[in-house]
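Inspection log for the structure reproduced underneath, given as structure tokens.
The values are calculated or read from the model by the stated rules, or taken from the named source; none is laboratory data. Small disclaimer: the values here were computed from a predicted structure and weren't measured. Cβ atoms come from the backbone with ideal geometry, glycine included; neighbour counts cover every protein chain shown. Heavy atoms of the whole protein, side chains included, go into the accessibility calculation; ligands, DNA and RNA do not. Shrake-Rupley method; radii C 1.70, N 1.55, O 1.52, S 1.80 Å.
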Amino acid sequence: MRAEERSGWQLAAPFAAFLLAFAAYPILFALVLVFTHWDLVTVPSFAGLENVTHLATDARFWRAVTNTFVFLAIHVPLQIATALALALALDRPLVLRAFWRAAFFLPVVISGAVVAILWSNLYATDVGLINRLLARIGVSPVPWLTDPRTAMPAIAVMVTWKNVGFYVIIYLAGLQYIPRSCQEAIEIEGASAWQRFRYLTLPSLLPQTILVVTLSTINGFQLFIEPYVMTGGGPLRRTYSVVLYLYTNAFAYQKMGYAATIGVALALIIGAVVLVQRRVIGRAEAL
């Protein structure tokens with residue numbers, strides 16, 4: 001047993017070293033930075049709770065938090081609806097079904113910066129493809145990325161398009177596990193297509209929906225590349241996300257201590273939101 005335990009520890013040592021070096025150490029270092037002033041050049045100095053008190057009264061931080069929640073309120077429901085609709089369509093017998101499944105997943109593996117540049121051109125007010133198509137049906141050009149009312153919804157649509165393939169796979173896996181006998185039984189009972197979806201498919205996909213909600217929420221809180229490339233946080237800071245504000249403080253203003261404070265606060269917010277989501281969905285599942 002001792003030899004087996006020793007072999008086990010030896011096999012686990014590389015992963016343990018990786019975990020300590022790239023997970024535990026950065027977390028502890030960030031917690032230490034919360035109580036310091038550091039500009040990446042001089043020696044860090046003790047700041048006490050100054051970063052924490054500044055964060056509590058920082059209007060720009062709370063503006064970024066509000067923007068991120070606005071993004072989530074648009075993105076998460078849109079992501080669920082789009083992924084579920086595509087999964088239901090791709091689960092049926094289709095010509096070139098494997099091709100369509102791969103095509104919908106392709107944007108997931110494309111660089112976020114490349115996708116952001118592509119959609120910036122699509123959203124262009126004068127020469128963008130979207131506004132050209134709207135002009136053909138008599139609709140005036142829409143300033144998608146320069147109007148405070150449309151900038152964040154436009155980014156949410158783009159992020160949904162990029163990530164939907166990943167969530168389609170999750171829903172497709174769930175659809176494969178719905179017993180065929182249940183489908184045949186509900187069809188024999190004369191249920192309509194909507195009733196089959198409402199009373200069989202949707203409840204059966206609840207675990208997958210919980211996973212999609214959790215992952216899309218966590219990923220949504222990490223919104224950075226899209227506003228950084230497409231709008232720079234504008235217009236009027238309406239697309240300024242929390243991660244973008246963290247990046248600006250860290251590498252533009254060189255306030256590493258305050259950036260670490262923002263990061264810790266973001267982690268706490270994500271944990272609280274995910275916990276509330278799990279409880280709400282758990283209660284819905286119980287009902």
Legend entry - Filtered GluC sites (Glu not before Pro), the range 171-244: DSSP coil and at most 14 other beta carbons within 10 Å: GLU189
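Helix hunt in the chain: which complete DSSP H runs extend at least 15 Å axially by C-alpha with mean Kyte-Doolittle at least 1.6?
On the way: long enough: 2-19 (24 Å, -0.06); 59-90 (45 Å, 1.36); 97-109 (19 Å, 1.12); 112-123 (16 Å, 1.43); 151-176 (38 Å, 1.32); 206-221 (23 Å, 1.23); 256-286 (45 Å, 1.32).
Length and hydropathy pass: none found.
Counting only protein heavy atoms, what percent of the accessible surface of the chain is carbon or sulfur at a 1.4 Å probe? Mind showing how you got there, number by number?
Details: 11710 of 17110 Å².
Roughly 68 percent, rounded to a whole number.
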Legend entry - Cα Rg, Dmax, the range 73-161, angstrom units: 15.2, 43
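Counting only heavy atoms of the protein chains, get the accessible area per residue of the chain (1.4 Å probe) and round it to a whole Å² value.
Working: 17110 Å² over 287 residues.
About 60 Å² of surface per residue is accessible.
Looking only at Cα atoms, what is the convex hull volume of the chain per residue, in Å³?
Working: hull volume 66.1 nm³, N = 287.
Per residue, the Cα convex hull of the chain comes to 230 Å³.
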Inset, instruction - Go ahead and run the numbers for FRET between VAL127 and ARG60, Cβ-Cβ distance against an R0 of 30 Å, rounding to 0.05. - result: 0.35
Legend entry - GNM flexibility winner over the chain from ARG238, ARG92, ARG101 (Cα, springs under 10 Å): ARG92
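Over the residues of the range 15-101, compute the C-alpha Rg and express it relative to 2.2 N^0.38 Å. Could the numbers behind the result be given before it?
Details: Rg = 22.8 Å, N = 87, 2.2 N^0.38 = 12.0 Å.
Dividing the Cα Rg of the range 15-101 by 2.2 N^0.38 Å gives 1.90.
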Inset, instruction - Using a 10 angstrom cutoff on alpha carbons, build the Gaussian network for the chain and name the most mobile of LEU244, LEU200, LEU215. - result: LEU200
Inset, instruction - Please give the calculated 222 nm ellipticity per residue for the chain, where each DSSP H segment of at least 4 residues contributes -39500 (n - 2.57) and the sum is spread over every residue; nearest 500 deg cm²/dmol? - result: -22000 deg cm²/dmol
